[in-house]
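A.B. asks: The structure's right below; bear with me while I get my questions together.
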Amino acid sequence: MRVGVIAFQGTVSEHMRMADAVLGSGSALAVRRAEELDDVSAAIIPGGESTTIGRLMRNSGVFEKLKQLGDGGFPIWGTCAGMIMLAKEGDGQMRRTGELLGLMNMKVKRNAFGRQRESFEEELELEGIGEFHCVFIRAPAVEKVYGKCRAIAHLGKYVVAAEQENLLATAFHPELTNDLKFHRYFLEKAR
Ligand code: GLN
């Protein structure tokens, strides 16, 4: 199987390296045009700057296509900025982010951990995955999940990983570790 990594900005090569390690080299495809999504059976939206990634996704047509595919059961995983893009709702800072894909029943808060904790690492227990070393960088967090969306990891008062049928979102960056467990989890689910 092939997986597309939305490749405008952010942790693109890191996700491609991890996906190749799970599926075999050449399995990850950098996606910058909507048509390229026809060649893959799952997609990852990387971490980075959600305002930039969102704008480039909308300008390229990748946004519309991904929204349709996601609605129809196509597996999509968003990390950090990618998590923001998948959400239905955001906090006040979202005005600058622009339109979200709005696929997952969750409300996210951008830069939820503030300046004091811009980046940090935590060992967390992830439901269905086990213990995982989670790297947070100016991370968003989920303030609430509803409907079919469910929490798979918590940190303090926040949800930091969520799953909704074909969709997966993490506030942290498994692609910045050497642990393939999370990529395996998503790609197994997508298969
Ligand atoms: N703070 C970034 C945003 O709001 C996300 C950071 C990240 O993806 N590491 O877009």
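A.B. asks: Take the residues in region 60-110 that are open to solvent by 40 Å² or more (accessible area, probe 1.4 Å) and among the basic types (Lys, Arg), then tell me which one is farthest from the ligand (Cβ to nearest atom).
C.D. replies: Filtering first and then ranking leaves LYS65.
A.B. asks: So, in region 117-144, of the ones that are away from the ligand (no atom under 12 Å from the Cβ) and of a type in the set (Lys, Arg), which residue ends up surrounded by the most Cβ atoms within 10 Å (Cβ to Cβ)?
C.D. replies: The extreme case among them is LYS144.
A.B. asks: Which residue, of GLY147, GLY114, is away from the ligand (no atom under 12 Å from the Cβ), surrounded by fewer than 15 Cβ atoms within 10 Å (Cβ to Cβ) and of a type outside the set (Phe, Trp, Tyr)? Show your work before the answer.
C.D. replies: On the way: GLY114 fails: away from the ligand (no atom under 12 Å from the Cβ).
Of GLY147, GLY114, the one residue that is away from the ligand (no atom under 12 Å from the Cβ), surrounded by fewer than 15 Cβ atoms within 10 Å (Cβ to Cβ) and of a type outside the set (Phe, Trp, Tyr) is GLY147.
A.B. asks: Of all residues in region 29-60, which are on the phi < 0 side of the Ramachandran plot and in a loop (DSSP other than H, G, I, E, B)?
C.D. replies: Filtering region 29-60 for residues on the phi < 0 side of the Ramachandran plot gives 29-47, 49-60.
Hits for region 29-60 are ARG32, ARG33, VAL40, SER41, ALA42, PRO46, GLY47, GLU49.
A.B. asks: Right, next: Given the condition within 22 Å of ALA161 (Cα to Cα) and among the small types (Gly, Ala, Ser), answer yes or no: does some residue in region 60-69 qualify?
C.D. replies: No; the residues of region 60-69 include none that is within 22 Å of ALA161 (Cα to Cα) and among the small types (Gly, Ala, Ser).
A.B. asks: Which of the residues spanning region 128-184 are out of contact with any strand residue (DSSP E or B) (no Cβ under 8 Å at 6 or more places or on another chain) and not charged (D, E, K, R)?
C.D. replies: Result: GLY130, GLY156, ASN178, LEU180, HIS183.
A.B. asks: Moving on. Any idea which of GLY72, GLY61 is more than 22 Å from TYR185 (Cβ to Cβ) and more than 16 Å from the chain's Cα centre (by Cα)?
C.D. replies: GLY61
A.B. asks: Does LEU155 qualify as being closer than 20 Å to ASN105 by Cα, within 16 Å of the ligand (Cβ to nearest atom) and surrounded by fewer than 23 Cβ atoms within 10 Å (Cβ to Cβ)?
C.D. replies: Numbers: closer than 20 Å to ASN105 by Cα: yes; within 16 Å of the ligand (Cβ to nearest atom): yes; surrounded by fewer than 23 Cβ atoms within 10 Å (Cβ to Cβ): yes.
Considered against the rule, which asks whether it is closer than 20 Å to ASN105 by Cα, within 16 Å of the ligand (Cβ to nearest atom) and surrounded by fewer than 23 Cβ atoms within 10 Å (Cβ to Cβ), LEU155 comes out as yes.
A.B. asks: Quick check on this structure: which one of SER41, SER50 is polar (S, T, N, Q) and either away from the ligand (no atom under 16 Å from the Cβ) or in contact with an Asp or Glu (Cβ under 8 Å, 6 or more places away or on another chain) (or both)?
C.D. replies: SER41
A.B. asks: For region 168-180, does any single residue satisfy the condition of being more than 16 Å from the ligand (Cβ to nearest atom), of a type outside the set (Gly, Ala, Ser) and free of Cβ contacts under 8 Å to residues at least 12 places away in the same chain?
C.D. replies: Taking region 168-180 first, the residues more than 16 Å from the ligand (Cβ to nearest atom) are 178-180.
From what is left, the residues that are of a type outside the set (Gly, Ala, Ser) are 178-180.
The next check asks that each one be free of Cβ contacts under 8 Å to residues at least 12 places away in the same chain; those that pass are 178.
For region 168-180, residues more than 16 Å from the ligand (Cβ to nearest atom), of a type outside the set (Gly, Ala, Ser) and free of Cβ contacts under 8 Å to residues at least 12 places away in the same chain: present.
A.B. asks: If you don't mind, there's one more thing I want to ask. Could you check GLY26 against (1) open to solvent by 10 Å² or more (accessible area, probe 1.4 Å); (2) outside any loop (DSSP other than H, G, I, E, B); (3) among the small types (Gly, Ala, Ser); (4) more than 16 Å from the ligand (Cβ to nearest atom) and say which number it fails?
C.D. replies: Here GLY26 clears every test but (2).
A.B. asks: Against the definition (in contact with a His (Cβ under 6 Å, 6 or more places away or on another chain) and either open to solvent by less than 40 Å² (accessible area, probe 1.4 Å) or at pLDDT 95 or above (or both)), how does THR177 come out, yes or no?
C.D. replies: yes
A.B. asks: Is it fair to say THR97 is hydroxyl-bearing (Ser, Thr, Tyr), farther than 20 Å from GLU143 by Cβ and touching a helix residue (DSSP H, G or I) at 6+ places or on another chain (Cβ under 6 Å)?
C.D. replies: Here the answer is no, as THR97 does not meet what is asked.
The values are calculated or read from the model by the stated rules, or taken from the named source; none is laboratory data. Here the structure is a predicted model, which is why all the values come from computation and not from measurement. Ideal geometry is used to build each Cβ from the backbone, glycine not excepted, and the neighbour counts take in all protein chains shown. Please note that ligands, DNA and RNA were not included when accessible areas were found on the heavy atoms of the full protein model with its side chains. Shrake-Rupley method; radii C 1.70, N 1.55, O 1.52, S 1.80 Å.
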